[in-house]
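Note sheet for the following structure.
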Amino acid sequence: QVQLVESGGGLVQPGGSLRLSCTISGSIHGFTSMAWYRQAPGKQRDYVGVIDTIGGTHFADAVQGRFTISRDTVKNTMYLQMNNLNPADTWIYYCTIAFNSVLSWGQGTQVTVSS
């Protein structure tokens with residue numbers, strides 16, 4: 001069983017950058033993908049982006065060109081680099097790891113973009 005812990009959230013001004021981390025403990029052998037989602041209170045969780053087992057990435061239209069995802073296989077950590085942030089990016093961000101159709105989630109980290 002894996003556990004995921006997000007960190008790096010906080011308050012940032014519009015136009016600023018943040019890097020979120022997702023540290024994964026436990027064996028990730030056999031995973032199929034890792035991803036980031038985000039959610040506002042009372043709303044559904046929205047897809048942000050995904051990274052596959054060979055490092056290929058895909059992003060939602062809303063963040064394409066501003067966000068990137070990377071992995072450090074030694075540290076078992078996934079990152080979400082967020083640039084040119086705007087108030088619409090204010091959400092709780094969650095990371096997830098998939099083993100085929102079985103997902104494990106972190107507890108989330110709050111990102112607030114405000115002047």
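The values are calculated or read from the model by the stated rules, or taken from the named source; none is laboratory data. Owing to the predicted nature of the structure, the values given are computational and were not obtained by experimental measurement. As a convention, Cβ positions derive from the backbone with ideal geometry for all residues, glycine included, and neighbour counts pool all protein chains shown. Accessible surface areas use protein heavy atoms only, side chains included; no ligands, DNA or RNA. Shrake-Rupley method; radii C 1.70, N 1.55, O 1.52, S 1.80 Å.
A Gaussian network model of the chain, with springs between Cα atoms under 10 Å, assigns the largest mean-square fluctuation among Val74, Val50, Val102 to Val74. Here the accessible area of the chain is 50 percent carbon and sulfur, with a 1.4 angstrom probe and all protein chains present.
The fraction of Cα-Cα pairs per 5 angstrom bin, counted from 0 for the chain, comes to 2, 12, 24, 26, 19, 10, 5, 1, 0 percent, rounded to whole percents.
Given a Förster radius of 25 Å and the C-beta distance between Ile28 and Gln81 as r, what FRET efficiency does 1/(1 + (r/R0)^6) yield to the nearest 0.05? The computed FRET efficiency comes out at 0.75. Could you tell me how far the Cα centroid of region 13-42 sits from the Cα centroid of region 61-112, in Å? For region 61-112 versus region 13-42, the Cα centre distance is 3 Å. Between Ser101, Ser70, Ser17, the Gaussian network model of the chain with springs among Cα atoms under 10 angstrom shows the greatest mean-square fluctuation at Ser101. When only the Cβ of Lys, Arg, Asp and Glu is charged (+1, +1, -1, -1), the dipole of the chain relative to its Cα centre reaches about 100 debye.
Length available on full extension from Ala98 to Ile54: 0.36 nm per residue minus the Cα-Cα distance, which gives 14.4 nm. For region 39-115, trypsin sites (Lys or Arg not before Pro) are listed when DSSP marks them as loop and at most 12 other Cβ atoms sit within 10 Å of their Cβ; the list is Lys43, Lys75.
Hey, quick one: spin label on Gln110, modelled 7 Å out along Cα-Cβ, who in region 1-21 has an amide N within reach, i.e. under 19 Å? Only 5-14, 17-21 fall inside the zone, counting backbone N under 19 Å.
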